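The structure under discussion appears below in the form of structure tokens.
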Number of protein chains: 2
Amino acid sequence: MAGLVASKTVRARKAVLAMPEYHPPLAGRDGLRLDFNENTLAASPKVIERLRQTTAEGLTKYPEREGVERIAAAHFGLQADQVLLTNGVDEAIHLVCAAFLEEDDEALIQTPTFFMYEVSAGMMTAYVKKVQADASLAFPGERFLAAITPRTKLIMVASPNNPTGAVVSREDLLAICAAAPQAVVMVDEAYYHFFGETVMTEVGKVPNLIVARTFSKAYGLANLRIGMLAGPAELMKYVRKVSSPYNVNGVALDCLPVALADDAYVTWYAEQVRVGLGRMMDGLRALGVGFYPSHANFVLMKIGPKHAELVKAMRARGVLLRDRSTDPGCDGYVRITVGVEEHVERGLAALKESLAEIGWEGQQVSQSASRQGSDDKREWE
Amino acid sequence: MAGLVASKTVRARKAVLAMPEYHPPLAGRDGLRLDFNENTLAASPKVIERLRQTTAEGLTKYPEREGVERIAAAHFGLQADQVLLTNGVDEAIHLVCAAFLEEDDEALIQTPTFFMYEVSAGMMTAYVKKVQADASLAFPGERFLAAITPRTKLIMVASPNNPTGAVVSREDLLAICAAAPQAVVMVDEAYYHFFGETVMTEVGKVPNLIVARTFSKAYGLANLRIGMLAGPAELMKYVRKVSSPYNVNGVALDCLPVALADDAYVTWYAEQVRVGLGRMMDGLRALGVGFYPSHANFVLMKIGPKHAELVKAMRARGVLLRDRSTDPGCDGYVRITVGVEEHVERGLAALKESLAEIGWEGQQVSQSASRQGSDDKREWE
């Protein structure tokens, strides 16, 4: 919070002064980018073909979201009024908070998790109740359910979770919805394609379930900023009300139907990542690096006190990682993105060199996943 | 508010239930689009050339805002920490409200004006105090100043104003800043290029002044969603804090430096509009249609009770107008965008036919602009 003293003339909102800051690197990400869980290869060639059809006349026009929302809804077997396209998942999270969270409400999240939940809920001056995972970093199922109170108004759960790659079973997610009928339960399925299990099929059937999806990961469209919320029309009308009608840019809207139609591409890419994930975990075992067995396109590695040295040594080799040491319960952890085989191999080769260079002597990680109601049968290795 | 009853299970925020809705047409805008004050021709050819260099690899990457912010800041003679790029001006307005407006604060606006000020301030549960223009629709200068109270925390003024095209002098804007040192004064210069007067030169000198700009109008980039806020670093750090680091898409970020560098194009387009504006006002005089003499790329016409009939008759001729009759003090008013000469002539020709078809018998408009501290010496005609 250093430097955030109130201006001599104008005070910021108290909630803004108290908000944590989210400062990911916004420039200088040169090299093999294994730091942001992006698609490491490319978007579908059909998408770029469509993008290049953009005309100088077309750029002058305000984007028209509705037609594309109908296409997206049909793709997911939903009605248009159940779907809202958003400026990435960041905006999706913000809009759900803005639609539902009053000042005295509680927002319930697990930690560690995606940082924007706390930022957006905090901005609405709501109390953010955090249920910390135990050392296993698995979803703290029973303690999470027990943390629901009558004041709980919004529950945000990422499955697969970031930065761990841990998942929550459909049964557990639906139990959370049932246990908190007064709350919106937003399930963030940003990493769905790498896992394959979804509650999207329950949208409109479960009255308080909203599902968030992104096109930044498997689809490889992070640059275009497009995400999606799907929920019952009765809830989505409020979310729509707090959104700008022009929140999604026109290039993204032009490209989305092409990306959705090219199912073969995203299926192929997700399969590359599943193969790459196996290879990455094998490689980490061979190196003696502990990790959380992930269901997403990244692996959280337990490095220990030399975490920052490792990130630096990797950067010197042109490979970017993300140090997660400041995430709650993640001291000493570093995250590596899993992409196509070539990038996994380059990542592992650089890891081997870097660990040797920094004199890393191994990190015994012997906790078993306590699971606590999670379906995740796998353990820390 | 019809249909906006609370869900049986989950209540939206009270502020959201009370919020006015903003429902511009989001589809079906086929024809000559004189309804949204867009550039009626095209973006710079250099911009589209840059856009088409986008690669399938590039699309996978999260956008990097900082480098482009430095370029934009330099273009305006500012420091990078004084500038924030935004997802259009809609987001800019929202972020300023989110950074500064507490629940008990007052936001001060004129009416009629751009609808998003009220929507965004209302979303923060602030009280929105509105100073209605008199029948002249000029800026209500003295009454506006008198409406400032110790609780006034945010003042939002568009100059040129939308939907009127009325302007506020630099002297008046600076007097407002001086009269409300406890408040942020956001001057929205979305239509700056068609007017030519700016307070951008005062950014960083006046401690509570923030200027908003858009690239949707003269630059012709509405489709890409890119806007900008410029203010003292002490205030901008709060606005930056409430913004997502990935709020602006990468295609817009790639194109912005090219658009800024092609000064010749935007200067040329603004000149076309100034010529077109003269021709439009001459044409309206010839037709006997009253209008507010505009400083922007649109003209607010006083049609009277047949306003909706006119819009319909124009649409049948393939020309879209925007009925502003529900704006406060604007009953019977219709707005027409001014573009390049060809589009002005097509608009006027369709107007002549449409007015004849609907049996329009003229509308005497004889109020003089009361001016009230505004620099605008021109009058309704």
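The values are calculated or read from the model by the stated rules, or taken from the named source; none is laboratory data. Because the structure is a prediction, the values reported are computed rather than measured. When we count neighbours, we look across all protein chains shown, and the Cβ atoms used for this are built from the backbone with ideal geometry, even at glycine. Please note that ligands, DNA and RNA were not included when accessible areas were found on the heavy atoms of the full protein model with its side chains. Shrake-Rupley method; radii C 1.70, N 1.55, O 1.52, S 1.80 Å.
Descriptive notes on the structure:
- Calculated translational diffusion coefficient of chain A (10 °C, 1.306 mPa s; Stokes-Einstein with Kirkwood radius over alpha-carbon pairs) equals 73 µm²/s.
- Under the Debye formula (equal points on every Cα, no solvent term), log10 I(q)/I(0) of the protein assembly as shown at q = 0.09 Å⁻¹: -0.83
- The ratio of the alpha-carbon radius of gyration of segment A:318-357 to the globular-protein estimate 2.2 N^0.38 Å is 1.28.
- For segment A:234-291, alpha-carbon Rg over 2.2 N^0.38 Å: 1.90
- Here the scattering of segment A:1-92 is modelled by Debye summation over its C-alpha atoms, one equal scatterer each and no solvent; at q = 0.11, 0.23, 0.26 Å⁻¹ the log10 of I(q)/I(0) is -0.69, -1.23, -1.32.
- Per residue of peptide B:205-216, the mean number of Cβ atoms on other chains within 10 Å of the residue Cβ is 1.
- Proximal lysines to A:K46, defined as alpha-carbon separation beneath 25 angstrom and excluding residues fewer than eight positions away on the same chain: A:K61, A:K217, B:K46, B:K61
- Taking amide H as placed 1.01 Å from N in the peptide plane, the amide H of B:S136 sits under 5 Å from that of B:S370, each at least 5 places away or on another chain.
- Vicinal HN-Hα couplings computed from phi for segment A:52-63 (Karplus, 6.51 cos²θ - 1.76 cosθ + 1.60; Hz; Gly/Pro x): 6, 7, 4, 10, 5, 6, x, 5, 6, 9, 4, x
- Gyration tensor (Cα) of segment A:191-277, equivalent ellipsoid semi-axes in angstrom: 25, 19, 10
- Max mean-square fluctuation residue, GNM over chain B, Cα-Cα springs under 10 Å, options B:L78, B:L287, B:L59: B:L59
- Inter-chain shielding of B:227-236 (mean C-beta neighbours from other protein chains, 10 Å cut-off): 2
- Förster-model FRET efficiency, 41 Å R0, A:L17 and A:D282, C-beta, rounded to 0.05: 0.30
- Taking the average, over residues, of other Cβ atoms within 10 Å as the packing measure, peptides B:181-187, B:306-312, A:260-266 rank B:181-187, B:306-312, A:260-266 from highest down.
- Among A:161-173, B:134-146, the order from most to least packed when residues are scored by Cβ within 10 Å on average: A:161-173, B:134-146
- Ellipticity estimate at 222 nm from DSSP helix runs (n ≥ 4, -39,500 (n - 2.57)) divided over chain A, nearest 500: -10500 deg cm²/dmol
- Volume per residue of the C-alpha convex hull in segment A:266-325, rounded to whole Å³: 97
- Each Lys and Arg Cβ is given +1 and each Asp and Glu Cβ -1; about its Cα centre, chain B then shows a dipole of about 660 debye.
- Mean separation of Cα pairs under 8 Å and 6 or more residues apart, divided by the residue count, gives chain B a relative contact order of 23 percent.
- Along its principal axes, segment A:145-291 has C-alpha extents of 49, 43, 21 angstrom, given from the largest down.
- For the protein assembly as shown, accessible area per residue (1.4 Å probe, heavy atoms of protein chains only), Å²: 34
- Diffusion coefficient (Stokes-Einstein, Kirkwood radius over C-alpha pairs, 10 °C, 1.306 mPa s) for segment B:133-180: 140 µm²/s, rounded to a whole number.
- When B:R279, B:R13 are compared by accessible area at a 1.4 angstrom probe, the order from most to least is B:R279, B:R13.
- Per-residue HN-Hα couplings for segment B:104-111 [Karplus 6.51, -1.76, 1.60; θ = phi - 60°; Hz; x = Gly/Pro]: 8, 7, 9, 10, 10, 9, 8, 9
- Comment: the Cα-to-Cβ extended label point of A:Q53, at 7 Å, lies 2.4 nm from its counterparts in the other copies, nearest first.
- Across the cross-link table entries B:K130/B:K153; B:K153/B:K205; A:K237/B:K237; A:K14/A:K129; A:K14/A:K130; A:K241/B:K14, which are compared at the Cα atoms, the separations over 24 Å belong to A:K237/B:K237.
- Placing a label point 7 Å from the Cα of A:W268 along the Cα-to-Cβ direction, the distances to the matching points in the other copies come to 4.2 nm, shortest first.
- Rg/Rg_ref, segment B:34-73, where Rg_ref = 2.2 N^0.38 Å and atoms are Cα: 1.58
- Neighbouring partner chain Cβ atoms per residue of B:176-183, average, 10 Å criterion: 1
- The string of couplings for segment A:346-359 from the Karplus curve (6.51, -1.76, 1.60, θ = phi - 60°) is 4, x, 5, 4, 5, 4, 4, 4, 5, 4, 5, 4, 7, x Hz, one whole number per residue in order, with x for Gly and Pro.
- When chain A is described by a simple charge dipole with +1 on each Lys and Arg Cβ and -1 on each Asp and Glu Cβ, the residue from A:S294, A:L284, A:A212 located farthest towards its positive end is A:A212.
- Each pair of Cα atoms in segment B:94-222 enters the Kirkwood radius, and Stokes-Einstein at 20 °C and 1.002 mPa s then converts it into a translational diffusion coefficient of 146 µm²/s.
- Inter-copy spacing of A:D104 label points, which lie 7 Å from Cα along Cα→Cβ, given in nm from shortest upward: 1.6
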